Structure formats: structure tokens, C-alpha cells
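The values are calculated or read from the model by the stated rules, or taken from the named source; none is laboratory data. Since the structure is predicted, the reported quantities are computational estimates derived from the model, not experimental observations. Quick reminder, even Gly has a Cβ in these numbers, built from the backbone with ideal geometry, and neighbours come from all protein chains shown.
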Amino acid sequence: MQPECSVLLGRRVVAARAEPPSSSSSTDGSSGQQSSDNGQLLFSLGIGALWLCLLAYAFLLAPNQTPYRDQIFIERILGIGEKDGFIVNPVFVGLFNIMGVYPAIYASLLVPAGRSENKVPAWPFVTVSFFLGAFALLPYMALWRPFRRSEDNPLPPPASELEGWNKLFLKGAETPVMPALLLAGSAYCIYLAATAGDYYWLDYLKLFDESRLVHVTTIDFATLTLLAPFWMELDASGRNWSQRGSLLTVLSFLPVVGPCIYLLLRPKAEQPK
């Protein structure tokens, strides 16, 4: 799924949610609603199938020649284990850290824009995604149902929804501060990988062929990157972002950095007093 395809799919889902049935004919209204329901069913089945395929591939087909080295990679990146001077490939270090930025991006998009009409909460899936990435988010996306009426899920969220200590993340996402921090963090990770040099890039390709950790993390990154434009489009539509038709398409082509810039530029909620 290319980024532009994700944007088009997002616009179709938003249009199906926002447009009321024609009053000229109840039959036309029923057929339109049925078409919308069928489209949502296909979306859910497609996401569910993608999740199952990724799970099967990760556990059954992905290379796993270096399980002990994978453990060492995790220990060194997290700063635990022996201090023996072992250097983890900086390209993978940058990728691994980006996988900590993406869940925060998706949290800012799924809550509140990606709330589900069937009341399935997003936060448990988003929380687990900090550890499992797309493997945790895809089940929510498969269960997700768009609101039929946009007024049932107003965007930006009202100030009353940002009150309370348990809404600190949502409150932070509705300010320029957190998106700016995410942008700075992702830019640093990209810089770390981009300046690693030819030796480490060739080594990374070798690790991709040997290491389950590196292989699955790379696929996880690609999955989150390809799905981000859909949720960016959904959020931008709900907020009536004036640059939705031009700049959003450009940002959809920029992995990690594009969503961060969108979060920085999108219309923000009024902060509670």
C-alpha cells in the first residue's frame, strides 16, 4: 500500500462517514449505507489478514540465525548487561529508537481522531505498541469503526476532554511541544542512521538476512509507515485542516518525520483553564 493509496482510502472512509443518505429515496440511502458497511468490512478483514500474515511470518519464516546476538543488541541499546565495549550497528540503533517514536505518533492520531464508534478503547493497544509496534496496533485497526456522524467525535477535542491527570498525554499532543519533541527525536534517529557510513549499512543488510530482531523490526517500521497516511487523513479531515489537500500528501511520503510535522501544524484544541 503506497502512501497516496492510504490517503485516498482515508478520504473514502471519511466521506462515507460524513455524507448523510440522500433524502430523495430511502432505497438510495439504504444502498449507500450498505456500500459503506461493506467497505468497512473489507477494511477490517484486510487489516486482520495483514496482522495474521505478519504474525505468521515473524514467528515461522523470518530468519533467526542469531538469537543470542539479538539478546545482546537489546541489552546494549537499553543500557543493561555487561559493559564490554560492544557497539551495536548505529543504523539499527536509529531504527530501534524510531520504533519508540511511532507509538507516540499513533497515540496522537488514534486518540481522539481514531476513536471507534463501537466503543473499543484505543489506549490499551497504543500502550502495548510501545513494546510490540504494529503487532499491537493492527488488532485495534481491525476492530475500529468510524463514527457515522462527525459531531459524535468532534475535532479538535473540546477543552473538557483534556482535564485530569489521566489526560496529560492527550493534552500534550494538543500543544506544539510534544510534536516538536517527537520531530527532534526522529530527526536525530535518522541522522544517526544516515551518517553511519557504508560499512554499517552493509552490515545492517547482512543483519536483516540473519537476525529475527532486525528483520521483524524493519518490517514493523515499514508497516507503521505505510498505514500512517490513512490516520493522518482521518485526523486532518476531522479538524478541517486547510492544507489537507496539498501539504498532507507531501507529508505522507516522509516516514516518521512527515507525521511529526503534521502533528505540529494541525489545528489544536483549546487548552483547559
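Could you please let me know if VAL101 is within 16 Å of GLY185 (Cα to Cα), surrounded by 15 or more Cβ atoms within 10 Å (Cβ to Cβ) and modelled with pLDDT of 95 or more?
Answer is yes for this residue.
Taking interchain pairs and intrachain pairs at least six residues apart, which have beta carbon atoms under 8 angstrom, with the first residue in region 189-212 and in contact (Cβ under 8 Å) with a residue 40 or more places away in the chain and within 18 Å of ILE98 (Cα to Cα) and the second acidic (Asp, Glu) and crowded, with 16+ Cβ neighbours inside 10 Å?
Short answer, once both residue conditions are applied: ARG212/ASP70.
Matching residues to (1) at pLDDT 90 or above; (2) not aromatic (Phe, Trp, Tyr); (3) not in a helix (DSSP H, G or I):
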site	(1), (2), (3)
GLY10	no, yes, no
VAL14	no, yes, no
ARG17	no, yes, no
SER23	no, yes, yes
SER31	no, yes, no
GLN34	no, yes, no
GLY39	no, yes, no
ALA49	yes, yes, no
LEU60	yes, yes, no
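Restricting to region 246-260, count the residues that are surrounded by 19 or more Cβ atoms within 10 Å (Cβ to Cβ) and part of a helix (DSSP H, G or I).
Summing the residues that are surrounded by 19 or more Cβ atoms within 10 Å (Cβ to Cβ) and part of a helix (DSSP H, G or I) in region 246-260 gives 6.
Could you tell me which of the residues LEU224, LEU234, LEU263, LEU247 is out of contact with any strand residue (DSSP E or B) (no Cβ under 9 Å at 6 or more places or on another chain), of a type outside the set (D, E, K, R) and free of Cβ contacts under 8 Å to residues at least 24 places away in the same chain?
LEU247
Hey, does region 228-245 have a residue that's charged (D, E, K, R) and not in a loop (DSSP other than H, G, I, E, B)? Walk me through how you get there before you give the answer.
Our first condition is that a residue be charged (D, E, K, R); within region 228-245, this holds for 233, 235, 239, 244.
Then keep just the ones that are not in a loop (DSSP other than H, G, I, E, B); that gives 233, 235.
Yes, the conditions are met somewhere in region 228-245.
Do we have SER242 as out of contact with any Asp or Glu (no Cβ under 9 Å at 6 or more places or on another chain) and modelled with pLDDT under 95 here?
Against the criterion (out of contact with any Asp or Glu (no Cβ under 9 Å at 6 or more places or on another chain) and modelled with pLDDT under 95), SER242 qualifies.
Residues that are modelled with pLDDT under 95 and assigned to a loop (DSSP other than H, G, I, E, B): does region 128-143 have at least one?
Checking region 128-143: not a single residue is modelled with pLDDT under 95 and assigned to a loop (DSSP other than H, G, I, E, B).
Report every pair of residues separated by at least 6 positions or lying on different chains whose Cβ atoms are under 7 Å apart, first residue within region 133-151 and touching a residue at least 12 places away in the same chain (Cβ under 8 Å), second assigned to a loop (DSSP other than H, G, I, E, B) and crowded, with 16+ Cβ neighbours inside 10 Å.
Hits for this filter: TYR140/ALA122; LEU143/SER116; TRP144/GLY114; TRP144/SER116; ARG145/SER116; PHE147/ASN153.
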